[in-house]
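For reference, the structure discussed in these notes is given below.
The values are calculated or read from the model by the stated rules, or taken from the named source; none is laboratory data. Model, not experiment: these values are computed from the prediction. In this analysis, Cβ positions are derived from the backbone assuming ideal geometry, glycine residues included, and neighbour counts consider all displayed protein chains. The accessibility values were calculated without ligands, DNA or RNA, using every heavy atom of the protein model including side chains. Shrake-Rupley method; radii C 1.70, N 1.55, O 1.52, S 1.80 Å.
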Amino acid sequence: MEPEPLSFNTPEGDPVTWEVEAEPWHDPFERRLTLVVQGTRLVQRRVPRAAGREREYLYDLLENEARMGARLLTRLRRDYPPELPRLLGYSLDAEEPFVLLSDRRGEPVTRFSGALLIAEQRGLQVSLFRAVRILSACGIVHRRIEPATVRWDGTTVQLTDLSHATLAGSRRLRLGEAPYASPAQREGVGVASTSDDLWSAGMVLYRTITGREVADRPDLAAAPALQPLHDVFSGAPPTAGEVLARLRAPDPMQSIPVEQDLALEEGRAAFDRAREARRDSPAASGETAGNDRTRVQPPAAPAGEEPRRTWLTRWLPLAVLLVLLLVLWLVNR
């Protein structure tokens, strides 16, 4: 492999250029790199030009991965956990935009389906629920925890792909399929919650530990190792911290300080406003009017809701004024 320069921005926004040795693209979207000076391995994820023309939403997913990675870095800056991918840099304005992430560890859990020893089964559960607990402490819902995004190296999980992640409390969008996406997430009702990730993590653990596929809620009666998850699939699931306590594992947030960078939060809010304004502009609408974009759209408002809101907005002030005039007339009689 011949060294090549790679220019991008650090998570702090500083422009840098690294000399790297690049492996062939694993697929059109991802390849591994090695830093020439340090020998450090990393992963480059990009949107190729052809794919971006056909599926413009891929740019949004890549951008979201960078935003969520930056949020984790600012919250976990002093003790970054091995369970989560680490953002190393990004170049979102390039012709083929990309993000740089820490190297993958382990193998997808599908490689270990039904083959884990008892000690490994517990270790897998603890590490995956640690990842969910840390994300929840940072206000993030992953939304795509499934066998393809969970890796295992025999000791620790690595939860990959933050491109579909969102902030807890934001409106749920219809996303994912059974059995790994929770019913509420598949239906797109309510707001995004850590309970969505708990359901998905429980399903991944059931599939990996038992080796069995299910269409919906699994029967845990025949899986003693999964008894701590008995109510994860219920209407009132526990927290990730409570599941860790049942597994006799400490809460990782007792030793990982979570910080908030107010300046970065303000900058992110301004960035989001500018992005939404750009998307809502007439020019942007005209450019995309003829494109078949497969974005995930929020559910439509119930029929009749907007007319009712408009009627109240128009007539409520007049009704209040009439009531006040009537009261004054009665008082002065």
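Structure notes:
- Total residues in the range 218-232 satisfying the condition of being part of a loop (DSSP other than H, G, I, E, B) and not hydrophobic (A, V, I, L, M, F, W, C): the figure is 4.
- Test: residue in the range 45-64 that is within 17 Å of Glu95 (Cα to Cα), assigned to a strand (DSSP E or B), in contact with a Lys or Arg (Cβ under 6 Å, 6 or more places away or on another chain) and at pLDDT 95 or above: no
- Ser234, sole failed condition from (1) surrounded by 11 or more Cβ atoms within 10 Å (Cβ to Cβ); (2) among the small types (Gly, Ala, Ser); (3) within 30 Å of Arg78 (Cα to Cα): (3)
- Of all residues making up the range 184-206, the number that are in contact with a Leu (Cβ under 9 Å, 6 or more places away or on another chain) and among the aromatic types (Phe, Trp, Tyr): 1
- Check on Asp14, free of Cβ contacts under 8 Å to residues at least 40 places away in the same chain, out of contact with any Leu (no Cβ under 8 Å at 6 or more places or on another chain) and either of a type outside the set (D, E, K, R) or under 20 Å from Gln158 (Cβ atoms) (or both): no
- Of everything listed in (1) in contact with a strand residue (DSSP E or B) (Cβ under 7 Å, 6 or more places away or on another chain); (2) open to solvent by 70 Å² or more (accessible area, probe 1.4 Å), the single unmet condition for Leu33 is (2).
- Positions within the range 66-91 being assigned to a helix (DSSP H, G or I), within 20 Å of Val16 (Cα to Cα) and touching a strand residue (DSSP E or B) at 6+ places or on another chain (Cβ under 9 Å), in sequence order: Ala66, Gly69, Ala70, Leu73
- Residue within the range 57-64 that is over 24 Å from the mean Cα position of the chain (by Cα) and without any contact (Cβ under 8 Å) to a residue 60 or more places away in the chain present: no
- Residue count for the range 9-44 satisfying the condition of being over 19 Å from Glu95 (Cα atoms), part of a strand (DSSP E or B), within 25 Å of the chain's Cα centre (by Cα) and of a type in the set (D, E, K, R): 2.
- Evaluation of Gly139 against (1) of a type in the set (Gly, Ala, Ser); (2) under 20 Å from Pro85 (Cβ atoms); (3) touching a helix residue (DSSP H, G or I) at 6+ places or on another chain (Cβ under 7 Å) (one fails), failing number: (3)
- Residue-level check: of (1) open to solvent by less than 40 Å² (accessible area, probe 1.4 Å); (2) at pLDDT 95 or above, Leu220 misses just (2).
- Unique residue being modelled with pLDDT of 95 or more and among the small types (Gly, Ala, Ser) when the list is Ala240, Ala215: Ala240
- When Leu92 is tested against (1) open to solvent by 40 Å² or more (accessible area, probe 1.4 Å); (2) within 26 Å of Asp216 (Cβ to Cβ), just one condition goes unmet, and that condition is (2).
- Selection of helices (runs of 4 or more DSSP H) fully inside the range 100-217 by the criterion of at least 2 residues being under 19 Å from the mean Cα position of the chain (by Cα) and crowded, with 18+ Cβ neighbours inside 10 Å returns 118-137, 194-210.
- Flag if Ile256 is farther than 30 Å from Arg71 by Cβ and either at pLDDT below 95 or surrounded by 17 or more Cβ atoms within 10 Å (Cβ to Cβ) (or both): no
- Number of the exception - Ala94 against (1) among the aliphatic types (A, V, I, L, M); (2) at pLDDT 95 or above; (3) within 24 Å of Asn9 (Cβ to Cβ); (4) not in a helix (DSSP H, G or I): (2)
- Count of residues meeting criterion [modelled with pLDDT of 95 or more, more than 16 Å from Trp152 (Cβ to Cβ) and open to solvent by less than 10 Å² (accessible area, probe 1.4 Å)] in the range 73-88: 1
- Counted residues, the range 49-72 - those being surrounded by 14 or more Cβ atoms within 10 Å (Cβ to Cβ) and farther than 24 Å from Thr166 by Cα: 0
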